[in-house]
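What follows is a single structure, written as structure tokens, with notes after it.
The values are calculated or read from the model by the stated rules, or taken from the named source; none is laboratory data. Remember, predicted model here, so these are calculated numbers, not experimental data. Cβ sites come from the backbone with ideal geometry, for glycine too, and all protein chains shown count toward neighbours. What goes into the accessible areas is simple: the full protein's heavy atoms, side chains included, and nothing from ligands, DNA or RNA. Shrake-Rupley method; radii C 1.70, N 1.55, O 1.52, S 1.80 Å.
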Amino acid sequence: MSGRRSLVWLGLTPEPERELPPAVAALRTRAPDADAVAREPAAAERRRVERLILHGSERTWLRYLTEVTHLVTSVADGTSAGDPRAALVAAEVVLDHHRMLIGLPGSGYDRTAQDRSALETAVRTLRAAADTVPGTAPPPAAAVRRAAAPEERPPGSSAAPAPAVRCHGRPPRAAPLPAAAPSDARPPGTTPTPGTPTPDGDRT
């Protein structure tokens, strides 16, 4: 086993292999927009990544990711021109990769500590820059709440009160009170109690 190349690190390469080539090609060519990068630079970067994965080692792979980290940080700190969106994509992909190294045997996680710190700073910087681009800021929280609930009610109320009805400019009428029950009204289903008979046979 000691004479064989360790393959455990290859479990972390699918996302970088898919996401990094176009973003890194944009950073190498210092293109202002990753979508405008010519096909050949992106294809050349993809071939390089494939060679590293198929024939390289964990050490050469991490060396390549350190190179990508330098490209990212130079855009984030303004020392090099480049598409900040491509830099953010590359930074997040490499940072996720380096964080997952903690689950692998070997010293890869410790060797990438400095790169992780630099990438964390770059990601914060690039995300803050993206938030300040006109047209990308989210609407204010108050506007979102108003759109979701246009009629706010006091806590505990189940429904909004019904609006008062006005007729021809007169003030709203109060609802009529129920009619008072007659004094001799009896509960339903009861019969009157017979009175005391009088001497002549009449009942009172």
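Here is a list of conditions, (1) open to solvent by 40 Å² or more (accessible area, probe 1.4 Å); (2) in a helix (DSSP H, G or I); (3) hydrophobic (A, V, I, L, M, F, W, C); (4) farther than 18 Å from GLU19 by Cβ, and ALA118 meets all of them except one; can you say which number that is?
(1)
For the stretch 38-96, how many residues are part of a helix (DSSP H, G or I), closer than 25 Å to ARG127 by Cα and of a type in the set (A, V, I, L, M, F, W, C)?
Residues meeting the conditions: 17.
Taking THR79 as the residue in question, decide whether it is of a type in the set (Val, Ile, Thr), open to solvent by 60 Å² or more (accessible area, probe 1.4 Å) and at pLDDT 95 or above. Spell out how you get there, then give the answer.
Details: of a type in the set (Val, Ile, Thr): yes; open to solvent by 60 Å² or more (accessible area, probe 1.4 Å): yes; at pLDDT 95 or above: no.
No, not satisfied.
In the stretch 43-67, which residue that is among the acidic types (Asp, Glu) and farther than 14 Å from ARG18 by Cα is farthest from the chain's Cα centre (by Cα)?
From the stretch 43-67, those among the acidic types (Asp, Glu) are 45, 50, 58, 67; that's our starting set.
Subsequent filtering for residues that are farther than 14 Å from ARG18 by Cα retains 58, 67.
Values: GLU58: 34, GLU67: 31 Å.
Only one residue fits best here, namely GLU58.
Taking the stated definitions as given, is ARG59 touching a helix residue (DSSP H, G or I) at 6+ places or on another chain (Cβ under 9 Å) and closer than 21 Å to SER107 by Cα? Working first, answer last.
On the way: touching a helix residue (DSSP H, G or I) at 6+ places or on another chain (Cβ under 9 Å): yes; closer than 21 Å to SER107 by Cα: yes.
Yes: the conditions hold for ARG59.
Check whether at least one residue in the stretch 24-31 is at pLDDT 95 or above, under 27 Å from LEU7 (Cβ atoms), in a helix (DSSP H, G or I) and open to solvent by 20 Å² or more (accessible area, probe 1.4 Å), and report yes or no.
no
Of all residues in the stretch 62-71 being of a type outside the set (D, E, K, R) and open to solvent by 20 Å² or more (accessible area, probe 1.4 Å), which is nearest to ASP110 (Cα to Cα)? Break it down stepwise before answering.
To start, the set of residues in the stretch 62-71 that are of a type outside the set (D, E, K, R) comprises 62, 64-66, 68-71.
This time we only want the ones that are open to solvent by 20 Å² or more (accessible area, probe 1.4 Å), so: 66, 70-71.
Numbers: THR66: 13, HIS70: 18, LEU71: 21 Å.
If we take residues in the stretch 62-71 being of a type outside the set (D, E, K, R) and open to solvent by 20 Å² or more (accessible area, probe 1.4 Å), then THR66 is nearest to ASP110 (Cα to Cα).
Inside the stretch 97-108, can you point out the residues that are open to solvent by less than 70 Å² (accessible area, probe 1.4 Å), out of contact with any Asp or Glu (no Cβ under 7 Å at 6 or more places or on another chain) and either without any contact (Cβ under 8 Å) to a residue 24 or more places away in the chain or assigned to a helix (DSSP H, G or I) (or both)?
Within the stretch 97-108, HIS97, LEU101, GLY103, SER107 meet the criteria.
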